[in-house]
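The values are calculated or read from the model by the stated rules, or taken from the named source; none is laboratory data. What you see is a predicted model; the values in this text were computed from it and never measured. All Cβ positions, even for glycine, are placed from backbone atoms using ideal geometry, and neighbour counts span all protein chains on display.
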Amino acid sequence: MTTRFDNLLAESVWAQRYRFVPASGPPEASIDATWDRVARALAAAEPRDREPWAKRFRDALADFRFLPGGRILAGAGTARRVTLFNCFVMGGIEDSLDGIFGALRESALTMQQGGGIGLDFSTLRPSGAPADATGGRASGPVSFMDLWNQMSDTVTGVGPRRGAMMGTLACDHPDVLAFVEAKQRPGRLTHFNCSVLVTDAFMRAVDVGADWTLAFPRFAIERRVAARELWDAIVQSAYDSAEPGVLFIDRIRAEDNLAYAETISATNPCGEIPLPPYGACDLGSLNLTRFVREPFAPGAALDLDALAQTAAVAARMLDDVYDVSAFPLPQQAAAARASRRLGLGITGLADALIMLGLRYDGAEGRRIAAEAMRTICEAAYAASIDLARERGSFERFDRARYLAAPFVARLPAHLRRDIARHGIRNSHLTAIAPAGTISLIAGNVSSGLEPVFALAYARDVRQPDGTVARADVQSFALARWRERFGDTPLPPVFVTAAEVSAHAQVEMQAALQPHVDNAISKTTNVPADIAPAAFRAIYRQAWERGLKGCTVFRPNRVTGAVLTGPEPRCERCDAVPLAG
């Protein structure tokens, strides 16, 4: 039986982004053919029982239950020279012209094969510092970010996938204010998300009103600023232009399962995978809407057993990606396989909660969401331990030091016991990605852990023959409600992002963070008329609640509104497809 898409938009996204069209011969006839291709390609990494594993992988994909990352859906089994990893963090940028342009070349090769990238520009000397070779003065890291932006525009500008980069800068770099203000000018650094690496020491300086030292020791450059003034500049810039975000870098490093073997200074473009130099993110999302039993009924519940079983299969699928994917650079292959990081997460959370009769902004909704993520986390860790029994642990596994990592130390006793006995195949297992376009093909389920943005909207979708068709799109939960109850009034659980307070959005992220060993991509959406003090309080709440980063989007003159027409757009994750 052929799987049917819920709407024209879902089919269009599949056709333009994920359907395999060979150089000769017919294109894939359906999403079922895409799933067959992906399942067979990943099962090819299995040392035995490939056919049974291909069937189990195919079953996990059926009905959009497990949604592998977009690069996997688009590239697995096509024999094309593409990577199956959505994103990478590039190597450190050496502070020399050779080093800068070498890093630019590596970035171009990576983006050419479909990978988004993250880069830390903190290693580059500030503007005004001596330029060793010429006797002149350096132009600073932000000026070189413009080169990367132009490269991305050139390399990825003709494809369906918009080039995505994350640029980071340390909060004590002398050019941090220029970095903070870089995207206030419309049209600049359009392929970049920017985030300041905020340290605990800086936050303490803000708290007590102390001065803060900006320094680049190599050139003995040092000056002091008021910490609160710098913090206010960061928050004000985000208020005005939705950039930069902040990454609480000391917390990221302290919570890193591999802190004993690596130092993290950047993330992938959407922030859900903090990575060491040349690290890769291997992503997939479990669609919670497909695990709701008796939706809208008094006995509605999440089938946690089925969720755990699918999570275990999904973890194995993502591990197999390492053995069938190409890598743009040999350094990426070496770094990625040394840790075999996975980023297994969720999507469709908000729609699933509605189907369960729960509000997104309620305490019970947060409890159920946390229970789902805990189930996935523990199932993924158990599956990784089983893989270690079969194939061995990841290269950098050090039993004593790994078990001492804070996240691992908080795992249930039986998982820690099994890691001690058998090792573990993957250093990290969980992340929550935006899952934008893959959520659209699954029937417009709510993206990642975000609230539902709009219950219904219309969208122009360009057809293969160049004509434009109008697609009527409903949120997944609304479509299911209408199928069952017709035009009866909606219960109050049908809340959209505009009705969910910023406080409740941060609290949802905080409820899931204890079960996520990588990080969470979340854009806290706020209205244009939010008071600056209330906007600033969101960052304080994120810090106090133990989050690894914070991004807040307010409609503004630079990036526009959070809705393009009636359709949501996450400026930092490029969640909306370019079709139409």
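Worth a mention:
- Annotation: GLU94 fulfils all but one of (1) surrounded by 19 or more Cβ atoms within 10 Å (Cβ to Cβ); (2) out of contact with any Asp or Glu (no Cβ under 7 Å at 6 or more places or on another chain); the unmet one is (1).
- Residue in the range 247-261 that is under 30 Å from ALA442 (Cα atoms), buried (at least 24 other Cβ atoms within 10 Å of the Cβ) and among the β-branched types (Val, Ile, Thr) present: no
- In the range 280-289, of all residues being modelled with pLDDT of 95 or more and out of contact with any Asp or Glu (no Cβ under 6 Å at 6 or more places or on another chain), the one that is farthest from ILE376 (Cα to Cα) corresponds to ALA280.
- Positions within the range 15-55 being farther than 21 Å from SER325 by Cα, at pLDDT below 95 and either of a type in the set (Phe, Trp, Tyr) or assigned to a helix (DSSP H, G or I) (or both), in sequence order: ALA15, GLN16
- Consider the range 133-153 and keep the residues that are without any contact (Cβ under 8 Å) to a residue 24 or more places away in the chain and not basic (Lys, Arg). The one that is farthest from ILE221 (Cα to Cα) is GLN150.
- Residue in the range 302-322 that is touching a residue at least 40 places away in the same chain (Cβ under 8 Å) and at positive phi present: no
- Hits in the range 342-366 - residues which are within 22 Å of ASN518 (Cβ to Cβ) and surrounded by fewer than 22 Cβ atoms within 10 Å (Cβ to Cβ): ARG366
- Residue count, the range 278-297 (criterion: closer than 20 Å to ASP319 by Cα and assigned to a loop (DSSP other than H, G, I, E, B)): 3
- The set of residues in the range 516-560 that are farther than 23 Å from SER241 by Cβ and surrounded by fewer than 23 Cβ atoms within 10 Å (Cβ to Cβ) comprises GLU544, ARG545, GLY546.
- Qualifying positions in the range 220-255 - among the acidic types (Asp, Glu) and touching a strand residue (DSSP E or B) at 6+ places or on another chain (Cβ under 7 Å): GLU222, ASP240, GLU243
- Some residue of the range 219-236 being of a type in the set (Val, Ile, Thr) and closer than 20 Å to LYS548 by Cβ: yes
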